[in-house]
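Quick notes on the structure that follows.
Read-outs: derived from the displayed coordinates by stated rules, not from any lab. Just so it is clear, the structure is predicted and the values come from calculations on it, not from any experiment. Here Cβ is always computed from backbone atoms with ideal geometry, including for glycine, and neighbour counts include all displayed protein chains.
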Amino acid sequence: MEPITHKYLRSLLSEGKIVTFTFTKKDGTDRSICATTNISLIPKDKKPKFVKVAPVEQICVFDLEKEEWRSLQADTKILLENVRTPNTKDLCHA
């Protein structure tokens, strides 16, 4: 795993990639997440009803395993685990 910047994470997500990474939660524990912002991968009932621009200090992603939206603050430590394209059969596991 390698540390990445929020800018790089945003770049990967904007390309429609599926990104697996570990981040440090507010309570200090680490959590691994398989996430995307690719609207075609998000279940219909979880798709945004309207477009809302997140503040610069926040990144919003869809957790493909828990099927819920999550947000990270700009000061959150992020360690990159894997990047995949959406055409992968199993989206979250290599």
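What the table below lists for this structure:
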read-out: Neighbourhood charge, 15 Å Cβ-Cβ cut-off, centred on Val56 and excluding it, Lys, Arg +1 and Asp, Glu -1; value: +1
read-out: Percent breakdown of C-alpha pair distances by 10 Å bin, ordered from the shortest bin, for the range 2-84; value: 17, 57, 25, 1
read-out: Point-to-point label distance, Leu80-Asp45, nm (Cα→Cβ direction, 7 Å offset); value: 3.5 nm
read-out: Cys with no candidate disulfide partner in the chain (beta-carbon separation under 4.7 Å rule); value: Cys60
